[in-house]
């Protein structure tokens, strides 16, 4: 069949349900007797097949196709490295991936992998259940429980080293040693300061030096400062593109599709400092700029503009998009994930630049909301983004945002913005059903309507 005819059929009626495909793959693989690598390859193959077929749909934006290509290539490198016995380093949030790329070590991001499994399967219950087999309580962060279950069931490639830190929560600090133990590999704890001050920046630089020494000893790879310098230049451009996209999101109506921020956030985690990540963000920025020029004045479909305060329940993303479209709801800012302030990175001082970037990471606003003018900035966002309301996805077991949420809620209330605390869990659908969450959101929209 000619390729263009195949594309036409797809555009009319065919779309692969990747979640259904992956759920079946996980069910079959978790009960199979194959090796861990065989299971990982089969799981990835199901994802790649569905993603490739969906990408043939001519209605899919170029940026979406680029993102899927990046994700496929990223995990293909991990699987290939596992087969060829190359050195793989698994790393948690707050660890600079630029160093791994500059050492030609294959990076394997932990939390992003857990999120991806949840989004693709729609039900990570079996992996969460597997974590109970190694004694993890259900009130522990479900993302880390899911990863523990996946490593325990040998559903993921085994890293040669695990790097973890205390950003943004104690769950990350405690999960790292467990992941290293489950994979019988070396581990390194990157002690990350919370305050943005010269002394703390100097301390973080010393921690990065210790991390490099650890990786050189374990992997036998040496750090290339020329590659690291280039990565810093790319990272600087990526942050600039995120800032430009944030400005475009202020437009009325917003050209930014709800929850696209997840792809941006994942790009920085997986491909920080890499040209592929820069190209994706550049393409997305161009698409948004074009849409903003074509759509002027508040569209009838955009009724309420929201601040999104946390990661949404990932198994509910598809339904959330539909629900938001139905009620004219748009999330226009994610202050703890993409709110990059002006940041001058000096490629001639790469380690200092990495420390500066890490301390200025929007996630740090969760850790130190009082010391970073976070609450004042929220009031500023209400004006700049013309905010009508806020949603706090209040995850059970989340050790990062719980402490800051009351302060944030009070700051928004002072600015005249109501907040919905949506009880849920990021990966575990047994905490709150889609029906329960839908009911809470609909009631919140009705509240916004009553406010006029």
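None of the figures in this text is laboratory data; all of them are computed from the coordinates on show. Because the structure is a prediction, the values reported are computed rather than measured. Note: ideal-geometry Cβ built from the backbone for every residue, glycine included; neighbour counts use all protein chains shown.
What to note about this one:
- Residues 282, 84, 413 arranged by fewest to most Cβ contacts within 10 Å: 84, 413, 282
- Centre-to-centre, using Cα atoms only, the range 129-158 and the range 267-337 are separated by 30 Å.
- Mean-position separation - Cα centroids, the range 173-216 and the range 412-434, in angstrom: 32
- Fewest-first ordering of 77, 451 by other beta carbons within 10 Å of each residue's beta carbon gives 451, 77.
- Rounded, prolate or oblate (a/c below 1.5 giving rounded, otherwise prolate when a/b exceeds b/c) for the range 179-238 by Cα gyration tensor: oblate
- Computed on the range 267-362, with alpha-carbon pairs under 8 angstrom and 6+ residues apart, the relative contact order is 23 percent.
- Whether the range 345-400 is rounded, prolate or oblate, judged on the alpha carbon gyration tensor where a/c under 1.5 counts as rounded: oblate
- The range 220-297 pair-distance distribution - Cα-Cα, 10 Å bins, rounded %: 19, 43, 24, 10, 3, 0
- Taking the number of Cβ atoms within 10 Å of each Cβ as an exposure proxy, the fewest-first ranking of 74, 194 is 194, 74.
- Computed with the Debye formula from one identical point scatterer per Cα of the range 245-399, without solvent, the log10 of I(q)/I(0) at q = 0.09, 0.14, 0.16 Å⁻¹ comes to -0.32, -0.78, -1.03.
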